Amino acid sequence: MAEFETPALKPYPEIPPIEIGSMAHSKPYVAKEDLQQKIGFPGELIDNWEKVAIDKMGELVNGSRALRVFLDSCVKCGACTDKCHYYLGTSDPNNMPVARQDLFRSVYRRYYTLAGKYLPGLVGARDMDQSVIDEWYSYFHQCSQCRRCSVYCPYGIDTAEISMAAREIMDTIGVGQKYCNEIIGKAQTIGNNLGLPEPALADTLEGLEEDIEEETGVTVRMPLDVKGADILLVTPSADFFAEPHVDGLIGYAKVFHQAGMSWTLSSYASEAANFGMFIGSYENMQVLALRIREAALELGVKRIIFGECGHAWRVAYNFLDTLAGPFDFLDRNYPMPQHICEVTYDLLQRKALRMDPSANDDMVLTFHDSCNIARGSRMGDFEGGQFVIPREVIKASCNHFVDMPADTVKEATFCCGGGGGLLTDDLVELRVKGALPRMEALQQVVEQHGVTHLAAICAICKSQFSKILPYYGFEMDQVVSIHQLVSNAIQLGGEH
Amino acid sequence: MSLLTIAFTLLFYFAAATIVAGLVYRIRLYAVTPTPLRIPTTPAPITTQGVVRRMFFEVTLFNSLFKSNKWIWLFGWVFHAALLFVLLRHLRYFTDPVWSWVALIQPIGSYAAFAMVAGLAGLWARRFLVDRVRYISSLSDHLMLALLVAIGLTGLGMKYVAHTDIVAVKAFFLGLMYFDWQPMPSDLLLCLHLLLVALLMIIFPFSKLLHAPGVFFSPTRNQIDNPREKRHVPTRKSAPVKQAG
């Protein structure tokens, strides 16, 4: 890992001048043979990889209206050039969304457009060769698929779609990323990204039940594999042990407990995250989604609820029914699937939870909208519910809440810097630099409003901030889960 | 018939056929290409009506671009709005008698040409002055602007500097439309103007100008955010892979 300097926090965010190649050295570890083969990809770079890559590109474009329209439509207006957190944090022009797309588009033009075939120099088309794949491997692993560029593009071009396609092509020729592919393999065989087998999971949950009882004097259950429960809770496996994730899990359990809801976790589908999306692999994403369906059928539940996770909620909300549906065996009086924040919000609306927000009086909170929730999904039954509902849950749990500047929240939110399959130690320089815009926004509310804590709603955001906050002079425990706040505020004793 | 008339007659039939056939082919391709998953950029409308509204403001006011960058929006919107009036004004050369509303907007169209060139100049200046935009500009991006500016300037030249025989021009185009071919006036500015317009028509379906039909097919903008109400049925069948040429 190369040495690097943490960017300085500026009082007013600036658009940096370009520094060509400043992040060309950033590359995650390549997946070894066994990891690749486990999820259906060649173990190493195949012989005729150029042809296979070009054919795969054609197949993907033929199979995706988004790709086809996006590759044709960009006019290079420049609207997106200052929108990516990785560009703002690294100054590398290939991290401008349009330039990142062009790494892909230049090859597409060469092989699939008339202009690129006959006048490559004119339209910036280039042959598929080793240098292309090297650039792809570097820069398509500097995109967290957060979709911020797509908000600002006049044609809605979503670089995430192009990053996913590039990663799938690379996997197809045997060049995969270790972090993602190892995790997908674990989730497909063991059931979660951490590789926690059922006994370890049962142990962990039992320990958590004891902790809650010790702290509150109330017995709150953390059921696992309970057949006939009403609700299957699917949550990112980081919730089982990482801080502050686990405090969120305790919060969900307390909400279910007070509302008297019958729920269970599944050891078979003990993972909400779906890294198949990050590598653009429909098939791998589907394998993971089907585990949730199978678990729901096996346990005979009526509802599926997802815990706090960003891209997992995007996959759940937008893709799950397509990938693994139809879910007509569930009780369709409830949304399929439902987010834990929606559940808590509904209960709060019905005054079914007894909350004492003063329990969080030691904190002044702000909220980090997770990119995939903000721009890739929704909560509630109205447009923009994904912004309102988490904030309402926070406000019901604490007395001091302020938002960060308007151009850094809601649909304009910045990625934490670790999304899209980049939450790995071999990319720590990228993660630190990519967090710059978020850290500057945080710094502003810390100075102006005395904010002490950043509430997050995604396992990746939470892990990323725990790691990155100290680089910018904050403390790692300044990031909290929303349901950790709920957990602190909810009054369990004496409800009978 | 003079050689010039024959050349321009053939050129415009070829250009018209190319832009029509090219766009029909491309739009059909957009329409038949599957959408495996639902991917609207949220917050997105939750009804069809809402999507129609979103798309309407996107293509008339460039909403997303306005959110993004006020300078690009200003230059881009002024150029496109002016182009619209300029094109509508030109309908007078293709209709006989001239529709009354086309007659009415003639003055707007005439001045809009200045706004069009000014907008283009602004966009072009950014390609030199803003380091990020300079980095992403390829030769074709500059040439496209050059082409549009040249069309605008030759048009303005005929309107305000060296008048051409517009009665003869109109006769030429009506002749094209009704297959009753008329002589093409031999005026240098006019020939240049029409040559460039024909070139623009020919490259339209092969270039980034495809953003015009493309925006209507952009799944992040035209999909409804209602996955819990309506299951998005996967359409995964692909047409056979075909390379260019």
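The values are calculated or read from the model by the stated rules, or taken from the named source; none is laboratory data. As the structure is a computational prediction, the values presented were derived from the model and not from experiment. No Cβ is skipped: glycine too gets one built from the backbone with ideal geometry, and neighbour counts run over all protein chains shown.
Let me confirm something: among A:Arg126, A:Arg100, which residue is modelled with pLDDT of 95 or more, of a type in the set (Lys, Arg) and under 28 Å from the mean Cα position of the chain (by Cα)?
The unique qualifying residue is A:Arg100.
Which one is farthest from B:Ser64 (Cα to Cα), of the residues in the range A:365-420 that are touching a strand residue (DSSP E or B) at 6+ places or on another chain (Cβ under 9 Å) and of a type in the set (Ser, Thr, Tyr)?
Result: A:Ser397.
For A:Ile212, state whether it is part of a helix (DSSP H, G or I), among the β-branched types (Val, Ile, Thr) and within 14 Å of chain B (Cβ to nearest Cβ).
no
Between a first residue in the range A:258-277 that is at positive phi and a second residue that is part of a loop (DSSP other than H, G, I, E, B), which pairs have beta carbons less than 9 Å apart while being 6 or more apart in sequence or on different chains?
A:Gly260/A:Ala352
List pairs: first residue in the range A:50-73 and touching a residue at least 40 places away in the same chain (Cβ under 8 Å), second residue polar (S, T, N, Q) and part of a helix (DSSP H, G or I) anywhere in the structure, Cβ distance under 6 angstrom, at least six positions apart or on different chains.
A:Lys56/A:Thr172
(1) touching a Gly at 6+ places or on another chain (Cβ under 9 Å); (2) on the phi < 0 side of the Ramachandran plot: which one isn't true of A:Gly217, the others all being true?
Of (1) touching a Gly at 6+ places or on another chain (Cβ under 9 Å); (2) on the phi < 0 side of the Ramachandran plot, only one is false for A:Gly217: (2).
Would you check if A:Ser358 is within 22 Å of A:Asp158 (Cα to Cα) and either of a type outside the set (Lys, Arg) or without any contact (Cβ under 8 Å) to a residue 24 or more places away in the chain (or both)?
Numbers: within 22 Å of A:Asp158 (Cα to Cα): no; either of a type outside the set (Lys, Arg) or without any contact (Cβ under 8 Å) to a residue 24 or more places away in the chain (or both): yes.
Judged against the criteria, A:Ser358 is not a match.
Just need a number here: residues in the range A:295-311 that are under 23 Å from A:Cys180 (Cβ atoms) and out of contact with any Gly (no Cβ under 8 Å at 6 or more places or on another chain). So that I can check it myself, show each step before the final result.
Here is the first cut: in the range A:295-311, the ones under 23 Å from A:Cys180 (Cβ atoms) are A:295, A:306-311.
Add one more test, that the residue is out of contact with any Gly (no Cβ under 8 Å at 6 or more places or on another chain), and what stays is A:295, A:306, A:309.
Total meeting the criteria: 3.
Whether any residue in the range A:65-74 is outside any helix (DSSP H, G or I), within 9 Å of chain B (Cβ to nearest Cβ) and either surrounded by fewer than 19 Cβ atoms within 10 Å (Cβ to Cβ) or at negative phi (or both) is what I want to check. Reasoning before the result, please.
Start the filter on the range A:65-74 by keeping residues that are outside any helix (DSSP H, G or I), which leaves A:74.
Among the residues that remain, those that are also within 9 Å of chain B (Cβ to nearest Cβ) are: A:74.
Next, only the ones that are either surrounded by fewer than 19 Cβ atoms within 10 Å (Cβ to Cβ) or at negative phi (or both) stay: A:74.
Yes - at least one qualifying residue is present in the range A:65-74.
Restricting attention to the range B:87-138, and to residues there that are among the β-branched types (Val, Ile, Thr) and outside any helix (DSSP H, G or I), which single residue is farthest from the chain's Cα centre (by Cα)?
B:Val130
For the condition hydroxyl-bearing (Ser, Thr, Tyr), surrounded by fewer than 23 Cβ atoms within 10 Å (Cβ to Cβ) and either away from every other protein chain (no Cβ under 14 Å) or in contact with a Lys or Arg (Cβ under 9 Å, 6 or more places away or on another chain) (or both), what is the one hit in A:Tyr345, A:Tyr317?
None of the others qualify; the one that does is A:Tyr345.
Quick one: would you say A:Glu59 is within 14 Å of chain B (Cβ to nearest Cβ) and more than 30 Å from A:Thr6 (Cβ to Cβ)?
Yes: the conditions hold for A:Glu59.
For the range A:22-59, which residues satisfy the criterion of being assigned to a loop (DSSP other than H, G, I, E, B), out of contact with any Asp or Glu (no Cβ under 7 Å at 6 or more places or on another chain) and more than 24 Å from A:Leu423 (Cβ to Cβ)?
Once the filter is applied, which keeps residues that are assigned to a loop (DSSP other than H, G, I, E, B), out of contact with any Asp or Glu (no Cβ under 7 Å at 6 or more places or on another chain) and more than 24 Å from A:Leu423 (Cβ to Cβ), the range A:22-59 yields A:Pro42, A:Leu45, A:Ile46, A:Asp47, A:Asn48.
A quick yes/no check of all residues on (1) farther than 27 Å from A:Arg354 by Cβ; (2) assigned by TED's automatic domain parsing to the domain that holds A:Ser131:
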{"site": "A:Ala165", "(1), (2)": "yes, yes"}
{"site": "A:Ile169", "(1), (2)": "yes, yes"}
{"site": "A:Glu209", "(1), (2)": "no, no"}
{"site": "A:Lys227", "(1), (2)": "yes, no"}
{"site": "A:Gly251", "(1), (2)": "no, no"}
{"site": "A:Val255", "(1), (2)": "no, no"}
{"site": "A:Ala259", "(1), (2)": "no, no"}
{"site": "A:Met277", "(1), (2)": "yes, no"}
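Which of the helices (runs of 4 or more DSSP H) contained wholly in the range B:139-235 include at least 1 residues that are away from chain A (no Cβ under 14 Å) and within 30 Å of B:Thr35 (Cα to Cα)?
B:188-203
Pairs only if they're at least six apart or on different chains, beta carbon under 7 angstrom, first in the range A:441-467 and in the same structural domain as A:Lys395 (by TED's automatic domain parsing), second outside any loop (DSSP other than H, G, I, E, B) and of a type in the set (Asp, Glu); list them, first residue then second.
A:Ala459/A:Asp239
Quick check on the range A:92-115: of everything there that is assigned to a loop (DSSP other than H, G, I, E, B) and facing chain B (nearest Cβ under 7 Å), which residue is surrounded by the most Cβ atoms within 10 Å (Cβ to Cβ)?
Out of the qualifying residues, it is A:Met96.
Here are the criteria: (1) of a type in the set (Ser, Thr, Tyr); (2) under 24 Å from the mean Cα position of the chain (by Cα); (3) at the interface with chain B (Cβ under 7 Å from one of its Cβ atoms). Tell me which single one A:Tyr87 does not satisfy.
Result: A:Tyr87 passes all but (3).
Working only within the range A:362-402, note down all residues that are surrounded by fewer than 18 Cβ atoms within 10 Å (Cβ to Cβ), among the charged types (D, E, K, R) and more than 10 Å from every other protein chain (Cβ to nearest Cβ).
Listed by number, the residues that qualify are A:Asp362, A:Glu392, A:Lys395.
State the number of residues belonging to the range A:443-461 that are crowded, with 18+ Cβ neighbours inside 10 Å and over 14 Å from A:Leu365 (Cβ atoms).
Total meeting the criteria: 6.
Looking at (1) surrounded by 15 or more Cβ atoms within 10 Å (Cβ to Cβ); (2) without any contact (Cβ under 8 Å) to a residue 60 or more places away in the chain, which one does B:Ser140 not meet, given that it meets all the others?
Among (1) surrounded by 15 or more Cβ atoms within 10 Å (Cβ to Cβ); (2) without any contact (Cβ under 8 Å) to a residue 60 or more places away in the chain, B:Ser140 violates only (2).
If you take the residues in the range B:74-105 that are in contact (Cβ under 8 Å) with a residue 40 or more places away in the chain and under 14 Å from B:Gly155 (Cα atoms), which one is surrounded by the fewest Cβ atoms within 10 Å (Cβ to Cβ)?
Residue satisfying both the conditions and the ranking: B:Tyr93.
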